[in-house]
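Taking it in order: structure first as C-alpha cells, then the write-up.
The values are calculated or read from the model by the stated rules, or taken from the named source; none is laboratory data. The structure displayed is predicted, hence computed values, not measured ones. Backbone-built Cβ (ideal geometry, glycine too); neighbour counts: all protein chains shown.
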2 protein chains.
Amino acid sequence: MNLILLDPENTLGTDRYALTDRQQTHVSKVIKAQQGDVLRVGVLNGKIGEGIYEPPSDHQPGYIHSLNLSLSAPEPLPIILVMALPRPNMLKRTLQNITAMGVKELYLIHSAKVEKSYWQSPVLQTDSINECLMQGLEQAKDTLMPKWSLIPRFRPFVEDQLPDLLENKMGLLAHPYLAKPCPINIQEPCVLALKPEGGWNEFEVSKWLEVGMESVHLGERILKVETVVPVLLSRLYPA
Amino acid sequence: MNLILLDPENTLGTDRYALTDRQQTHVSKVIKAQQGDVLRVGVLNGKIGEGIYEPPSDHQPGYIHSLNLSLSAPEPLPIILVMALPRPNMLKRTLQNITAMGVKELYLIHSAKVEKSYWQSPVLQTDSINECLMQGLEQAKDTLMPKWSLIPRFRPFVEDQLPDLLENKMGLLAHPYLAKPCPINIQEPCVLALKPEGGWNEFEVSKWLEVGMESVHLGERILKVETVVPVLLSRLYPA
C-alpha cells in the first residue's frame, strides 16, 4: 500500500476521511503511525498529497484530516482492454497489475474456452473486483478508478458494442497465428483483446477480424499470462 | 511445459534420450502420449524439432528417439542482468520468467537491504536454480541455458568484475532518484541492475554511478517486482 486512498463516501465531516479496516491495519502495523503524523494520501478519482493522521478512539474510527492535495494522478494508458475471463486464482492478481499499470477501461468476456464455472467465482462479486482495483491503485500511487464490465456473452459484445469502442482506435488481437509483430510505442489509443489459456476458436477469431481487429504476436517465445500482459502493455505504451 | 528439453547427459545410446521423472509425468499425464507419438523436443543448448516417444518399461525409463531437429532456439536478449537477491518465494518465479524472456547471463548479488537469511534458502542450491531455469526454457520453447553466478559480496563485484562486464555496453541502474527515463528499444547490449525491495543505500548508489551505471526510472507508477522486470525487459528490447 504505497498510497492511502480515501473515499469521499467515507467522510466524517469536512476535510475528515475515515480509514477502512484494511487501511487502519496498514497504518497501525506497517507504517506504525502516531497521532499527528503526516501520511501520503490520495482521494479516489481525485488528487494526491498529504494528510494528518488521527488514531481510532472509542467513538470513531481512525481518520485523516487537514488534507493538502497538490499532485495529479499519473497519466492513464489510452487503452481499452478486453480480456477473456481468466481462472479465478489469476484474476485477482491480473486486476491489480493491469490497474497498477494504468488501464482504466476493462471488459471481462466469455468465450468457448473459458470454463463456465469461472463466472460463478466469488472473485467476480462487485466488491471483490473493486477491492482488487483499489489495491492496484494503492500500489502504483494512482487514484483514478478503472471502469469495468462483465460480458458473459461473446457474440453480442463483438457484434454490437465493439464497433463503437473501435472508432478512431487501433484494434489489436493478441493471437499468434497469421499475425504481424505487435507494434511498439503506438502513441495512440487502442483496443487490445487477450485470449483465454485455451485460445480463441475459429468462429471467435473470424468475428474479431470481421470487426477490424488485427492479429499481433510477441515473437517465438511463449510467455505466461502474468508476464505477457505487462510485456504487451509496456510494448504498446513504453513511456 | 511447452517443450521437452533433452539433456545430452541423459542419452541411452545414439539418438536416444531418457526422460527425467518430471518430463515423464508430463508426457504420461498431461500430453497422454502413446508409443510412437511424435513430440516437440529440443536438446539443451541445441536445436528444436521433433522426436518419437517410447514409454517406460521394466528395464528402462521412457525415452525419445529418432530426433529431427531443424529449428534454432529463439534469439537471446543481449543483456547482463544483475539482481539484488530477491526473497526466496519470489526467486523461483523470477528465475523462470527472466529465462522465458531470454536472459542468458545473471548475477544474484548481495546488498545492505538484502536479508542475510535469503542466502541460506534451499532455493539457492545449484540443482534448484537450474531446475527453475529449465522450467523457463520449457515455457518459452528455448534451449540455451542461462549462465548464472551468486555474488555474496557487493563491493568486490562492483569494483572488480563490473567494469569488464560494462565494456562496450550501456549500464543501467533501475533506481528512481535523479534518474532519466529508461530508454526504449535500445538495440544494443546492456548491463541492467535491479534493486532489492528496500532499495540500494547511498554507498551502493555511489559505487554504481562511479563505475558508469546510469540511473533510469519507469515513470511515476510504482510496480511490483513481478511486473517491473517484464516491463523493463520489454521496454529495452521490445522486438
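What pairs can you find where one residue is in the stretch B:116-134 and among the hydroxyl-bearing types (Ser, Thr, Tyr), the other is modelled with pLDDT of 95 or more and outside any helix (DSSP H, G or I), and their Cβ atoms are less than 6 Å apart, with a gap of 6+ or different chains?
Correct list of pairs: B:Tyr118/B:Leu85.
Restricting attention to the stretch A:202-232, which residues are in a helix (DSSP H, G or I), touching a helix residue (DSSP H, G or I) at 6+ places or on another chain (Cβ under 7 Å) and either within 11 Å of chain B (Cβ to nearest Cβ) or not acidic (Asp, Glu) (or both)? Explain how you work it out, then say what you get.
Pass one, the stretch A:202-232, residues in a helix (DSSP H, G or I): A:202-211, A:225-232.
Now restrict to residues that are touching a helix residue (DSSP H, G or I) at 6+ places or on another chain (Cβ under 7 Å): A:204, A:207-208, A:211, A:225-227, A:229-231.
Hits for the stretch A:202-232 are A:Lys207, A:Trp208, A:Val211, A:Val225, A:Glu226, A:Thr227, A:Val229, A:Pro230, A:Val231.
Can you tell me which residue among B:Leu95, B:Leu124, B:Leu144 is crowded, with 20+ Cβ neighbours inside 10 Å and either in contact with a helix residue (DSSP H, G or I) (Cβ under 9 Å, 6 or more places away or on another chain) or among the β-branched types (Val, Ile, Thr) (or both)? Give the derivation first.
Values: B:Leu124 fails: crowded, with 20+ Cβ neighbours inside 10 Å; B:Leu144 fails: crowded, with 20+ Cβ neighbours inside 10 Å.
Step by step, each of B:Leu95, B:Leu124, B:Leu144 is checked, and only B:Leu95 is crowded, with 20+ Cβ neighbours inside 10 Å and either in contact with a helix residue (DSSP H, G or I) (Cβ under 9 Å, 6 or more places away or on another chain) or among the β-branched types (Val, Ile, Thr) (or both).
Could you please let me know if A:Pro163 is surrounded by fewer than 18 Cβ atoms within 10 Å (Cβ to Cβ) and not β-branched (Val, Ile, Thr)?
On the way: surrounded by fewer than 18 Cβ atoms within 10 Å (Cβ to Cβ): yes; not β-branched (Val, Ile, Thr): yes.
Spelling it out, A:Pro163 is indeed surrounded by fewer than 18 Cβ atoms within 10 Å (Cβ to Cβ) and not β-branched (Val, Ile, Thr).
Quick one: in the stretch A:56-68, of everything that is surrounded by 16 or more Cβ atoms within 10 Å (Cβ to Cβ) and of a type outside the set (Val, Ile, Thr), which residue is farthest from A:Glu131 (Cα to Cα)? Break it down into steps so the answer makes sense when it comes.
Step one: filter the stretch A:56-68 for residues surrounded by 16 or more Cβ atoms within 10 Å (Cβ to Cβ), giving A:61-64, A:67.
From what's left, of a type outside the set (Val, Ile, Thr): A:61-63, A:67.
Numbers: A:Pro61: 20, A:Gly62: 20, A:Tyr63: 19, A:Leu67: 23 Å.
Result: A:Leu67.
Just to be sure, is A:Tyr53 touching a Lys or Arg at 6+ places or on another chain (Cβ under 6 Å), over 23 Å from A:Ser128 (Cα atoms) and hydroxyl-bearing (Ser, Thr, Tyr)?
Details: touching a Lys or Arg at 6+ places or on another chain (Cβ under 6 Å): no; over 23 Å from A:Ser128 (Cα atoms): yes; hydroxyl-bearing (Ser, Thr, Tyr): yes.
Criteria not met by A:Tyr53.
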